[in-house]
Amino acid sequence: MWAGLAFACCLPCPAQTAAEYHRRADVALQNFLVHFWSGPRQYLQQQYPTNGALTGYWTFAQGWDVLADGVERTSGLQYYGLLDSFYAGQNASGWLSGFYDDECWMTMVLTRAYDLTEDPKYLAQAQTIYADVMQAWDTNCCGTPGGGVWWDKAHTQKATAANAGAALAGARLYERTTNASYLSFAQQVYAFWNANMVNPGTGEVSDHITTNGTRVWWHFTYNEGLMAGASLELYLATGTASYLANANRIAGYLVNNEVTWTAYGPVLYDGANSGCSGDCHEFKGPAIRYLSRLYAQDTSKTQYYTVLKACADAVWNLAQETNDVIFSVNWAGPPQSTVDEAQDNAACMALNRFAEVAGPYPGTGQPANQYEAENASIHYITLEALYGGYTGWAYLANWKSNGSWVDFTIHCATPGVHQLVFRYAAGAGDATRVLKTNGVALVSNQVFTNTGAWSNYSTASVSCNLPAGVNTVSLLFDSSQHSANWLNLDSLTVLGDAPEQIRLEAAAGSRGSVLLSWNARVGETYTVQSKAPLPGTEWTNLSAPLVAAGTNLSFTDTLGTTQARYYRIATP
C-alpha cells in the first residue's frame, strides 16, 4: 500500500481543467496519427522517425483502439472517418493472425468501431475472427487440470493475454448479439483462468503457463489490467457481483504493486526505457484502458482516479519529447527522440482515457457544416501538418496515384441545391480530381487552380442537388479521367442549409436585441458564440447548450450598449 512518501520539485503543474486534458489528448493523438499513419501503405508505421517498417498486427489493433478513444471522447466530432480507414488497412493486410491473443485484441477494437458507427461490417468481422479464437480451447495441456486457450497456433504456451482476452471479447460479442455461445465460452475460459492463474488472496495474475505445466509470474501491468477488464465485462454481461469483486481485487494488485512514484503520484510501470523492450512497450496501454473503465463503473474508487490522473500528468510532463510530441516507454521519463508505435499509442491511451474521466469534451469551435479532411475516410493518402495555414489539425497530402481517394460523410438538414466548397493548396500547379456524390460522378475532372505555394490556400466550389440526411462526397485520383498533380486538401464546407439567418430587431446602441435562427439537425447540440470585432479577441459562449427538438433553433441576444458583435453557431 502507499504510505509515507512526499515529493517536492519544480515541475510544471498538472492540468486542472477538463478542457486542458482534452486539449492534451487531442494534441497527442493528432501527432500520433500524423507521425505513424503511412498513406501509401494504408497502415501504421513501426517507428518514428520511420525505419521503413510497418507495425505488427496486435499493435495496429491498439493504435486503432486509441483512435476509437478519440472518436468516443469527442462524440464523433473528431477522427470519425479514420475508423473506416483503419478497417480498410487491416482488410488489405488480412484479419487472422498466428496468435490468438492478437485476434482477441482485433475482435475488441472491431466491437468498439461497431458501437461508434453502427456499421454492421465491424461486428461481422469481429464474429469471424472470434470463431477462430473459439477453436483454440484445449484440455489436453498443460498440467492438471487441463484447460485454457492457446496463446499461439504453434501451441507453445497458454497466456493471460489470450485467455482474459477471449473472455473479454466473448462477453462483448454476447452483449451485442445475444448469442449465448459467446457468453458460455467467455465464462468457461474465465473460470479456468481465474481458478488456476490468479492468486485468490492478492489478485496477482500469472503471465502464462508452459507446456510442462510451469506457471510463469512475470510482472506486467497488462496481465492484471486485462483480467480486470474481463471480470468487469462479464459483470456487465451477467450482473453477477462476484465478477465485479474479482475485477476490483485484481485492479487493487495493479495499482499497489505495478507503479512507480513520480512528482505527480503513482504511475503504471513495466520497467525503464531500456529495461522494457519489445511488446512490453505496449503493455501499460491496455492496463490504463481497463482501469479507467473500472473507475467509470464505480467513481468512489479514488485510488484508481489517483493513478489515472498521475499517469496522464506524468505522460505529458515527464515522458513527452516536446519538439515532436512523442512519448517514452517509461511514463516517468526521461523522453526519447526515437519511439515506436506501441509506446506512443499506449501514452495516448493514458491521455485520452483520463480526459474522458475529467469531463465532457469542450468542442472544436468549428461550424457544423465544415468537415475537416483529416477526419474523413482516407484511402492511400498521407496525413500531414507541415505547411501552415490549414484549419483543424492536419490536411491530406501525397496523393497522386490511382486508387487514392477520400470520402466525406456529410449531413444536410434540407434537400435541394448545396454548394460544396473545398479548401486546398496546389503548390505545384493546377490539380484535378474526380468528384462524386453518393457514389455518382458529379465532375469527372474538377480543377483545383494553382495556389503558387503550399502555404497558400484557395477554395473550389461546386453546386449540386443533395437529399436531406446523410450524404457521401468523394474526391478520387483516376488517371483515366485525367486526374493530375499533387493536391493538399484541407476541408469541405457545405452551404445551402442556411445555418445562420440573422434579423436585427433594433439598432445597435439601443436596448434592442438580435434574433438568430438556423436550420438544425434533430438531437444535435448547438451553442451560440460571439466576439468583438477586434484583433485577438476570443469567441465566448452566449448561450447554454441548445438541443434541437426540431429542424429550426433560435436565440435572442440582448445588445445593451454593444456597438458591434460577430456571431457564430458552434456544435460542442
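Wholly within segment 56-166, which helices (runs of 4 or more DSSP H) include no fewer than the required count, namely at least 1 residues that are not assigned by TED's automatic domain parsing to the domain that holds residue 204?
Because the criterion is at least 1 residues that are not assigned by TED's automatic domain parsing to the domain that holds residue 204, the helices (runs of 4 or more DSSP H) in segment 56-166 that meet it are 57-73, 82-93.
Specify the residue that is nearest to residue 267 (Cα to Cα); the eligible residues are those in segment 204-222 that are without any contact (Cβ under 8 Å) to a residue 60 or more places away in the chain and either in contact with a Leu (Cβ under 6 Å, 6 or more places away or on another chain) or buried (at least 22 other Cβ atoms within 10 Å of the Cβ) (or both).
205
Quick check on my filter: what residues within segment 58-104 are over 21 Å from residue 350 (Cα atoms), touching a Ser or Thr at 6+ places or on another chain (Cβ under 8 Å) and of a type outside the set (Gly, Ala, Ser)?
84, 95, 103
Can you name the residue in segment 257-279 that is polar (S, T, N, Q) and assigned to a loop (DSSP other than H, G, I, E, B) and is also farthest from residue 332 (Cα to Cα) among such residues?
By that ranking, first place goes to 277.
Out of the residues in segment 92-140 that are more than 18 Å from the chain's Cα centre (by Cα) and free of Cβ contacts under 8 Å to residues at least 12 places away in the same chain, which is farthest from residue 377 (Cα to Cα)?
Once the filter is applied, the top-ranked residue is 140.
Output the residues belonging to segment 230-245 that are in a helix (DSSP H, G or I) and farther than 16 Å from residue 188 by Cα.
Listed by number, the residues that qualify are 236, 241, 244, 245.
How about segment 425-448: which of its residues are closer than 30 Å to residue 414 by Cβ and polar (S, T, N, Q)?
437, 438, 444, 445, 446
Yes/no per residue for (1) in contact with a strand residue (DSSP E or B) (Cβ under 9 Å, 6 or more places away or on another chain); (2) of a type in the set (Lys, Arg):
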{"site": "66", "(1), (2)": "no, no"}
{"site": "74", "(1), (2)": "no, no"}
{"site": "117", "(1), (2)": "no, no"}
{"site": "128", "(1), (2)": "no, no"}
{"site": "142", "(1), (2)": "yes, no"}
{"site": "153", "(1), (2)": "yes, yes"}
{"site": "164", "(1), (2)": "yes, no"}
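For the subset of segment 109-153 comprising residues that are closer than 22 Å to residue 345 by Cβ and among the charged types (D, E, K, R), which member is surrounded by the fewest Cβ atoms within 10 Å (Cβ to Cβ)?
Ranking the candidates gives 115 first.
When residues of segment 399-437 are filtered for being more than 31 Å from the chain's Cα centre (by Cα), farther than 22 Å from residue 387 by Cα and among the acidic types (Asp, Glu), how many remain?
Residues meeting the conditions: 0.
So which of 343, 336 is part of a loop (DSSP other than H, G, I, E, B) and either under 27 Å from residue 108 (Cα atoms) or touching a residue at least 60 places away in the same chain (Cβ under 8 Å) (or both)?
Going through 343, 336 in turn, just one is part of a loop (DSSP other than H, G, I, E, B) and either under 27 Å from residue 108 (Cα atoms) or touching a residue at least 60 places away in the same chain (Cβ under 8 Å) (or both): 336.
Quick one: which residue in 376, 413 is modelled with pLDDT of 95 or more, out of contact with any helix residue (DSSP H, G or I) (no Cβ under 6 Å at 6 or more places or on another chain), under 27 Å from residue 523 (Cβ atoms) and of a type in the set (Gly, Ala, Ser)?
Step by step, each of 376, 413 is checked, and only 376 is modelled with pLDDT of 95 or more, out of contact with any helix residue (DSSP H, G or I) (no Cβ under 6 Å at 6 or more places or on another chain), under 27 Å from residue 523 (Cβ atoms) and of a type in the set (Gly, Ala, Ser).
Filter segment 34-55 for residues that are surrounded by fewer than 24 Cβ atoms within 10 Å (Cβ to Cβ) and assigned to a helix (DSSP H, G or I); which is nearest to the chain's Cα centre (by Cα)?
34
If you check every pair at least six apart or on different chains, which have Cβ atoms under 6 Å apart with a residue in segment 431-454 that is among the small types (Gly, Ala, Ser) first and a residue that is at pLDDT 95 or above second?
431/448; 431/485; 431/487; 444/434; 444/481; 453/427
With respect to residue 82, is the statement that it is of a type in the set (A, V, I, L, M), touching a Leu at 6+ places or on another chain (Cβ under 9 Å) and either surrounded by 20 or more Cβ atoms within 10 Å (Cβ to Cβ) or farther than 28 Å from residue 328 by Cβ (or both) true?
yes
Could you figure out which of (1) in contact with a helix residue (DSSP H, G or I) (Cβ under 6 Å, 6 or more places away or on another chain); (2) surrounded by fewer than 18 Cβ atoms within 10 Å (Cβ to Cβ); (3) basic (Lys, Arg) isn't true of residue 73?
Residue 73 satisfies every listed condition except (2).
Can you give me the number of residues within segment 371-396 that are part of a loop (DSSP other than H, G, I, E, B), surrounded by 23 or more Cβ atoms within 10 Å (Cβ to Cβ) and not hydrophobic (A, V, I, L, M, F, W, C)?
Qualifying residue count for the region: 1.
Mind listing just one residue for me: the one in segment 315-333 that is of a type outside the set (Val, Ile, Thr) and assigned to a helix (DSSP H, G or I) and, of those, farthest from residue 29 (Cα to Cα)?
The extreme case among them is 317.
Out of all the residues in segment 142-158, is one or more among the aliphatic types (A, V, I, L, M) and closer than 18 Å to residue 179 by Cα?
no
The values are calculated or read from the model by the stated rules, or taken from the named source; none is laboratory data. Computed from a prediction, not measured in an experiment: that's the story for all the values here. Ideal geometry is used to build each Cβ from the backbone, glycine not excepted, and the neighbour counts take in all protein chains shown.
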